[in-house]
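Worksheet: one structure, shown below.
The values are calculated or read from the model by the stated rules, or taken from the named source; none is laboratory data. Because the structure is a prediction, the values reported are computed rather than measured. Methodologically, a virtual Cβ is constructed for each residue, glycine included, from the backbone with ideal geometry; neighbour enumeration extends over all protein chains shown. Keep in mind that these areas ignore ligands, DNA and RNA; they rest on the heavy atoms of the full protein, side chains included. Shrake-Rupley method; radii C 1.70, N 1.55, O 1.52, S 1.80 Å.
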Amino acid sequence: ILSLGWKHGILIAFHKCILQTRLQAGQGYGNTLNCVLTVYRNESVAGFFKGMSFPLASIAVYSSVVFGVFSNTQRLLSQLRHGDPARAPALADVALASMVAGFVSVGIGSPVDLVKIRLQMQTQPYIKANIKLQPTVPGFPVYRGPIHCFRTVLKKEGIAGMYRGAGAMLLRDVPGYCLYFIPYTFFCGWITPDGCISPNPSSIWLAGGVAGAISWGTATPMDVVKSRLQADGVYLNKYKGTLDCILQSYQNEGLKVFFRGITVNAVRGFPMSSAMFLGYELSLKAMKRDQTETNP
């Protein structure tokens, strides 16, 4: 159930991922509609699914670790504070568990995101001072696929290259997961009728969707920086680091650059997070039911 929920979430949201990446790190896209039309005109329907295989193959592991760290940290804090791991966590405990989950997520998610973004951006020309650098062989991509991309980056840039943009991702995910799990906990409790032991699926779905939209919407500025840092390096390195990327982006395009793709982020956050939280909660219920039946 859990794996299906997460895969369903990424399939719903993935066609928006390339729009997000192109809007944030690409050149010449005026708005979301223009980006959609340009991708379709130049790359057909297949263009919307570039870089999909690697995240799809790793999403179950990634989400399992993130949600597992969050859940177990909550239980540990409840045990330390109250002597009962099953006790409902306080808001401070939810916040701390969210921060830990966000920190851990960077270690797993950074290489996956880098490969995805490199594959999505490799056919885009690099534009600076009216000079266009095309792919190594005109008309052909730099990377043949996710494995080739992973091996190429590792060989040329080392481990540090695989974690390019990790600082920006850390600044995105630590507060981002706080604004993911805290609103979910709040809205789930608010929507659930009094007297119910656990939230029903519709409450989980709605609360998860709202939390996802809030989290991804507010994370957009650092998501822009992360995307630009990870896309940088397909042809040459433009940015020296997170701060340099922020300064160059602001100087060249103004404050509005940090809100590129915010609509796509918020819209994709709702169905993706709804599916993830629904899979998570249903899996927990199924495991608890199995434990009860095994240990009456």
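Matching residues to (1) over 30 Å from Asn252 (Cβ atoms); (2) at pLDDT below 65; (3) open to solvent by 20 Å² or more (accessible area, probe 1.4 Å):
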{"residue": "Lys16", "(1), (2), (3)": "no, yes, yes"}
{"residue": "Val39", "(1), (2), (3)": "no, no, no"}
{"residue": "Ser58", "(1), (2), (3)": "yes, no, yes"}
{"residue": "Ser63", "(1), (2), (3)": "yes, no, no"}
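Of all residues in the stretch 237-261, which are out of contact with any Leu (no Cβ under 7 Å at 6 or more places or on another chain) and open to solvent by 60 Å² or more (accessible area, probe 1.4 Å)?
Answer for the stretch 237-261, where residues must be out of contact with any Leu (no Cβ under 7 Å at 6 or more places or on another chain) and open to solvent by 60 Å² or more (accessible area, probe 1.4 Å): Asn237, Lys240, Leu243, Leu247, Tyr250, Gln251, Asn252, Leu255, Lys256, Phe259.
For residues that are under 23 Å from Ser283 (Cα atoms) and modelled with pLDDT of 90 or more, tally how many sit in the stretch 80-95.
3
Just to be sure before I move on: is Phe70 in contact with a Leu (Cβ under 9 Å, 6 or more places away or on another chain), closer than 21 Å to Ala60 by Cβ and touching a residue at least 24 places away in the same chain (Cβ under 8 Å) in the structure I sent?
So Phe70 does not fit the description; no.
Just checking, which of Ser198, Ser202 is part of a loop (DSSP other than H, G, I, E, B) and out of contact with any helix residue (DSSP H, G or I) (no Cβ under 6 Å at 6 or more places or on another chain)?
One residue alone meets the criteria, Ser198.
So, Arg75, is that one part of a helix (DSSP H, G or I), open to solvent by 60 Å² or more (accessible area, probe 1.4 Å), at pLDDT 90 or above and not hydrophobic (A, V, I, L, M, F, W, C) or not?
Considered against the rule, which asks whether it is part of a helix (DSSP H, G or I), open to solvent by 60 Å² or more (accessible area, probe 1.4 Å), at pLDDT 90 or above and not hydrophobic (A, V, I, L, M, F, W, C), Arg75 comes out as yes.
Given the structure, is Tyr280 farther than 25 Å from Gln122 by Cβ and of a type in the set (Ser, Thr, Tyr)?
yes
Each row is one residue, and each column tells you yes or no for (1) open to solvent by less than 20 Å² (accessible area, probe 1.4 Å); (2) at negative phi; (3) touching a residue at least 24 places away in the same chain (Cβ under 8 Å); (4) not polar (S, T, N, Q).
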residue: Ala168; (1), (2), (3), (4): yes, yes, yes, yes
residue: Asp173; (1), (2), (3), (4): yes, yes, yes, yes
residue: Tyr180; (1), (2), (3), (4): yes, yes, yes, yes
residue: Pro193; (1), (2), (3), (4): no, yes, no, yes
residue: Ile204; (1), (2), (3), (4): yes, yes, yes, yes
residue: Gly212; (1), (2), (3), (4): yes, yes, yes, yes
residue: Thr218; (1), (2), (3), (4): no, yes, yes, no
residue: Pro221; (1), (2), (3), (4): no, yes, yes, yes
residue: Val224; (1), (2), (3), (4): yes, yes, yes, yes
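Does Ser198 satisfy the criteria of being open to solvent by 10 Å² or more (accessible area, probe 1.4 Å), within 26 Å of Tyr280 (Cα to Cα), over 22 Å from the mean Cα position of the chain (by Cα) and in contact (Cβ under 8 Å) with a residue 24 or more places away in the chain?
In short, yes.
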